[in-house]
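Have a look at the structure below before the remarks.
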Amino acid sequence: MAGSTHTVTNQAPPLTGYDVFTSDRVLTEAVGRHLADRQREEALAELSGLGLGCGSLQTQEWGAQANDHPPVLRTHDRYGHRVDEVDFHPAWHRLLGKGVSAGLTDAWSRPGGHVRRAAGFVMWTQVEAGNCCPLSMTHAAVPALRADPELAAEWEPRLTSRVYDRELRPAHLKAGVLFGMGMTEKQGGSDVRANTTSARPLAEDGAYELTGHKWFCSAPMSDGFLVLARAPGGLTCFLVPRVLADGTRNVFLIQRLKDKLGNRSNASAEVEFAGTWARRVGAEGRGVATIIDMVAATRLDCVLGSAGLMRQAVAQAVHHCAHREAFGGKLVDKPLMRNVLADLAVESEAATTLGLRLAAACDAAEGGDERERALLRLAVPAAKYWVTKRCAPVAVEAAECLGGNGYVEESGLPRLVRESPLNSVWEGAGNVQALDVLRALGREPAALDAYLTEVGAARGADHRLDAAIRGVLTDLADLAAAEGRARLLAERLALVLQGALLVRYAPAEVADAFCASRLGGDGGAAFGTLPPTLDLAAVVERARPVV
């Protein structure tokens, strides 16, 4: 129309209708690298199917709807009976059902299961990160329950099921269940040894009655929970079913839902136990030791979730800049913008490569490889510390690549920005992870040996990496007074491990950019300060999603 004031031009099309898996070269290469020949073909086809679902307009709309309509606590029914239920938008249930059916709670029942699930988790986080919490908790409950073979035999088939059953009823009547967790209390937080929730033994063998308050209970709508409480023999792990075997509701009082910065679709609650029936998991006084494998699994999910958020942020930024024109050309072709995008892409690739390597170590450890198990003991807290901390600046910088559009909710970038700090806090914030790194170094020499073997496989390939390895060895020479520099040590361990993996597996231009900027000191601290002599165009092209 002549004189129209609203002709829309020079806007990037929505990033939708694409395969999130096959368009992610880093993820597909990692899956192919870590799976045996007989597993690879099946896994690639399965993950591509999930990738198409993740990239579909329908699934993306469900993610937006779940985020826009947070859960609502309903403490009582219309007659005044206490029900303590959480109501969710239908989109939440659709997403959770898709996640369960995709095997995101089932890494334990087949070879290469952890690598397959890790790739799926990275993709699913890009759809809607909130529903990844119950998926993660359910997956991670399996190793903790294995402390009691009888409980494991009863519950593991339900936890690893691909059937999502949202109804509250006894677990033995359900084809699949979800689990949550309640560890922290208001007076202690990460210091779980300050917990005061009490557990009184009942006449029934292994049964207890719990009394106390949990400051953060993850996924309070779940069918069961692993919690810590103080039994006569000390801090102990317990399984708390939401509904008892006879069909009555267990005493599980949801006091309120937390009003959070991000992760809006997911319910996090304060709960109280008042004569709550529970079953002991493991021996009395061994609560932390029993639940530690669950914590390790969820910490790895923090790494994978952050990698997924970074990937989606970078994909959105590269996609926008490949279509948007300014100052006479595509943004992606402008040297300074290309530098920013390449820097973000390097960070994303390093996170994904490390996360999938640790998932492969989980598969190997399940098969009895003690060196891989030892590697996880040191590498997981170091990776959790560093990768989750890098997520927020990546999301913010990626949003800036869209200019003012990136600050508008419709772009999806603000949701990524709000979500980005969570994984750094969840399952132990930065100081907890850094101190755990020190604990592993001081108490478990096999963990350091496994780490040095892993990074040593790349020695001689890049002089900057070699220098960084020597620097880490110098840092490790005196751990007696290392607490004040524990964060720096965790950061360096993670960076060297990422550098070693990229030198071995990534294209030369990616490894070069990482070593120059993260290990060699040739770049600045801000994104977009990579040395101009690098092949930045190739790095950006590698990160571009193919629609």
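Read-outs: derived from the displayed coordinates by stated rules, not from any lab. Predicted model, so just to flag it, every value in this text is computed and none were measured. With ideal geometry, Cβ positions are generated from the backbone for all residues, glycine too; neighbour counts draw on all protein chains shown.
Points worth noting:
- Summary of packing: across the peptides 330-342, 475-487, the per-residue average of other C-beta atoms within 10 Å ranks them, highest first, as 330-342, 475-487.
- Likely footprinting exposure, Leu47, Leu253, Leu202, Leu402, fewest C-beta neighbours within 10 Å first: Leu202, Leu253, Leu402, Leu47
- Prolate/oblate/rounded call for segment 325-380, Cα gyration tensor, a/c under 1.5 rounded: prolate
- The lysine pair tally for the chain, using Cα distances under 28 Å and a gap of 8 or more places or different chains, is 18.
- Volume per residue of the convex hull around the Cα atoms, evaluated for segment 399-547, comes out as 155 Å³.
- Rounded to 10°, Cα long-axis angle of helix 132-145 versus longest principal axis of the chain: 50
- Using alpha-carbon coordinates, inclination of helix 486-505 to the longest axis of the chain, degrees: 60
- Extending 7 Å from Cα along the Cβ direction at Arg110 and again at Arg470 yields two label points whose distance is 4.8 nm.
- Between Thr7 and Ala153, the distance separating the two model label sites (each 7 Å from Cα on the Cα→Cβ line) works out to 7.6 nm.
- Of the peptides 87-96, 519-528, 213-222, 343-352, the order by per-residue mean of other Cβ atoms within 10 Å, starting with the highest, comes out as 343-352, 213-222, 87-96, 519-528.
- Exposure proxy ranking, count of Cβ atoms within 10 Å, fewest first, for Lys260, Lys98: Lys260, Lys98
- Neighbour counts of C-beta atoms inside 10 Å place Arg242, Arg311, Arg371 in the sequence Arg371, Arg242, Arg311, starting with the fewest.
- Inter-part distance, segment 295-365 to segment 400-424, computed on C-alpha centroids, equals 14 Å.
- Among the listed values [x] 69, 53, 44; [y] 98, 71, 49; [z] 77, 71, 46, the one matching Cα extents along the principal axes in Å as calculated from this structure is [z].
- Helix 463-475 and the long axis of the chain differ in direction by around 40°, with both axes built from C-alpha atoms.
- Selection from His34, Phe88, Ala440 lying farthest towards where the dipole of the chain points positive, charges on Cβ: Phe88
- Estimated from helical segments only, the mean residue ellipticity of the chain at 222 nm is -16500 deg cm²/dmol, where each DSSP H run of four or more residues counts as -39500 (n - 2.57).
- A full extension of the chain between Val83 and Arg162 corresponds to an added length of 25.7 nm, given 0.36 nm per residue minus the alpha carbon distance.
- Take the Cα radius of gyration of segment 302-543 and divide it by 2.2 N^0.38 Å, N being the number of residues; the result is 1.02.
- Normalised contact order of segment 302-543, rounded percent, pairs of Cα under 8 Å and 6 or more residues apart: 27
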